[in-house]
Amino acid sequence: MNNFDLKKEDIISILETMNSPALLLDKENKIVFKNLTAKKMTEGTFKELLKKILDEKKETGRIELNIKGQPTDFDFKVIKLHSLKFISFSEEKKSIDDISKKLKENYNELEELNEKLFTAEESVKQHIEEINKKNNDIQKIEEKYRVLSESTTDMIFIVDKMLNIKYVNTSAANALKSTKENIMGKVLKEMFPFDDYKQKSGAIEKVINEKKPIYFESITFLPEGEVWLGTSFIPLINSNGEVDSIIGILKDISDRKRMEFDNLLLNERFGKVFKQNPLGIMISRSNDGKIIDVNDSCETLFGYSTDELLRKSTMNLYCEPGEWAFFTDKLLREGPQKNCELKIKRKNKEIRTVLISADHLEINEERCILSMIQDVTEETIANNTREVLFDISDAAFKTKDLSSLYPKIHKSLNKVLNAVNFYIAIYDKATDIINFPYFYDEKDKYASSKKFGNGLTEYALKKNIPLLLSGKEIKKMAEEKIIDLIGTLPVQWMGAPIFGETFIGLIAVQHYDENYKYTVNDKNILYFVSKQISRVFENKIKEKLLIQSEKKHRLLLDSIKFPILSLKEDMEIYYCNRAYSLFVEKNIRDLEGKNLIDVFPEFEKTKSFEAFKKCIKTGENQEVKDKIPEQNLTIRAKISRTDWGILSIVEYINENK
């Protein structure tokens, strides 16, 4: 093949020396090379000339071509060189003869090239057969590896560059408490906790960029609990030299790691695993809580530098020192503790929820506590918010009116943020009055109704968006006459709008603690809860209006002297008026909600019952006369179909009472 390339270059070098147009074609008549003179010809002229030469199907000849209105003769010559065609053409015969002479001088050499090409083709065929054989062998090897991957206890998966899972073995599916079919096609992010996924995705990105395998060890939280995994990521590189996909092999090394970790803490203390773990790891003295060592993740978790943390006691990092004392006491009495929930206070005064797993260990003959700390604030907030929304909905269902609901909303909201000071404001557009149906505050004991003015509540109502303001911001707004300052200035104030078809208003919380801080997350929670409160208020208001409407209608129907009976389609008595209760000589409370047949078993034998059934079946109005022998009474019942069931109005035809 290399000889062919050399000879081809020789031919091309000959063509480049020619003054007349010349080109080289492959066996499919596609141009392989054009010399400089041919390139100077216009594309249209060149294509038309080449087409005419090929159509002639001759080795030599002359053709006429019209160029810019002038007829021009071209001599041409075609020479076949194995699978190539050499074509030259010129207006001068001499140029073609010169070319022919040069080509004849090289003809013998080209014949030799032809033989070598034939030999090369045979060699290529043999090479292809060998490749096919190797492919078959590779397929057999792949099948063996698949069997091995399914039989191993290690977790194995393959992902593409977008981290979509293409394959997972049975061990991995079992460890994730799922099935292979359910996992394949999902994104890696869906299979592992966020911190663990972040570490794995970072490692995979490095493998893709460097095209080299990588191995690391880390703690992973699987459905069955916390395990140490030794993870290998290996790039699978395609024929273009690019990483197609990545195979991950995860081996449970928990037992080995526990032994290594003890030695690491005793001998090195600041090993790679300790320093680079995504969880916060802290070593503290058991007797006084003095922090001895922390890893880098603790800096992120608590917001302090390592030097600052080493000057502190664990008691200073937790919101409730009593809870930490109880935790350490339980650790002493019961041994290792796992996933205990506590609250920490960051340097910026932000409160975070963490899970702590801890155990005792000896360092230099001193009893210490090794703690592993995981931030679960977001998950806890989400769970607590769901609980609050449920509590509010449940309270709304169980309470009769809004005044009974307000304190329960206050109590529920206090579960997810500092809502000790809480109030609800409702604005009545018709009267331009703001009412405070619920108000509780440590400093200001009462808030009276007022005309819509220029206070902070009115400012928030006009903005109609959730707001989080510091005391400094509120004071500045008052100084700039944006608002009027009313009541005690809080350290922070936070409010969110509530509204429905029949009302608009606001819920707000505030605090006076310099050591506490509302966050943007708190504002989002308040806004989320406000939407649930809006729905509950709207339903309660509509429910109240419905009850009032029902009372009015009952008063109206009770004033009618004819017996009126309303039934559901299953014959349950939906409503009856006072005249009907007198007619059947029973109390209304003994009728409504009961089945008509259960109350009056003989009713099934009457014409009225048949009329009821027909009206239910056909939807057509019925009118029936019926006798009531016990009362020596004849009645006429007019029966109509309604949206909720059947309505019957009875009038007496004769009355002997």
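The values are calculated or read from the model by the stated rules, or taken from the named source; none is laboratory data. Not measured: the values here are computed from a predicted model. Don't worry about glycine lacking a Cβ; one is built from the backbone with ideal geometry, like all the others, and counts go over all protein chains shown.
Please find, among 496, 478, 508, the residue that is surrounded by 14 or more Cβ atoms within 10 Å (Cβ to Cβ) and free of Cβ contacts under 8 Å to residues at least 12 places away in the same chain. Result of the check over 496, 478, 508: 478. When the criteria are applied in full, residue 542 meets the requirement of being loosely packed, with under 15 Cβ neighbours inside 10 Å, in a helix (DSSP H, G or I), in contact (Cβ under 8 Å) with a residue 40 or more places away in the chain and not acidic (Asp, Glu). Taken over segment 314-338, the criterion of being assigned to a strand (DSSP E or B) and either surrounded by fewer than 14 Cβ atoms within 10 Å (Cβ to Cβ) or among the hydroxyl-bearing types (Ser, Thr, Tyr) (or both) is satisfied by 318, 338. The single condition among (1) touching a Lys or Arg at 6+ places or on another chain (Cβ under 8 Å); (2) at pLDDT 80 or above that residue 631 does not satisfy is (2). Using the structure shown, decide if residue 552 is surrounded by fewer than 18 Cβ atoms within 10 Å (Cβ to Cβ) and closer than 24 Å to residue 424 by Cα. Considered against the rule, which asks whether it is surrounded by fewer than 18 Cβ atoms within 10 Å (Cβ to Cβ) and closer than 24 Å to residue 424 by Cα, residue 552 comes out as no. Might you let me know whether segment 595-609 holds any residue that is in the same structural domain as residue 650 (by TED's automatic domain parsing), polar (S, T, N, Q) and over 55 Å from the mean Cα position of the chain (by Cα)? Yes: one or more hits. Residue 246 satisfies every condition listed in (1) surrounded by 17 or more Cβ atoms within 10 Å (Cβ to Cβ); (2) closer than 24 Å to residue 275 by Cα except (2). Screening residue 301 on (1) closer than 25 Å to residue 514 by Cα; (2) of a type in the set (A, V, I, L, M, F, W, C); (3) free of Cβ contacts under 8 Å to residues at least 12 places away in the same chain shows it passes everything except condition (3).
Applying the criterion of being acidic (Asp, Glu) and at pLDDT 80 or above to the residues of segment 10-31, the residue that is surrounded by the most Cβ atoms within 10 Å (Cβ to Cβ) is 26.
Residues 133, 200, 189: which one is modelled with pLDDT of 75 or more and either in contact with a strand residue (DSSP E or B) (Cβ under 9 Å, 6 or more places away or on another chain) or under 30 Å from residue 83 (Cβ atoms) (or both)? Every option except 200 fails the conditions. Note on segment 509-538: among residues that are of a type in the set (S, T, N, Q) and touching a helix residue (DSSP H, G or I) at 6+ places or on another chain (Cβ under 7 Å), the one that is nearest to residue 317 (Cα to Cα) is 521.
In the set 401, 391, 428, 441, only one residue is under 22 Å from residue 537 (Cβ atoms) and modelled with pLDDT of 90 or more; that residue is 441. A single entry from 164, 169 fulfils the requirement of being touching a strand residue (DSSP E or B) at 6+ places or on another chain (Cβ under 8 Å), within 14 Å of residue 245 (Cβ to Cβ) and at pLDDT 85 or above: 164.
Is at least one residue of segment 277-289 touching a His at 6+ places or on another chain (Cβ under 7 Å) and at pLDDT 85 or above? Looking for residues that are touching a His at 6+ places or on another chain (Cβ under 7 Å) and at pLDDT 85 or above, one finds at least one in segment 277-289, hence yes. Look at (1) part of a strand (DSSP E or B); (2) among the charged types (D, E, K, R); (3) exposed (fewer than 14 other Cβ atoms within 10 Å of the Cβ) and you find that residue 617 fails only one, number (1).
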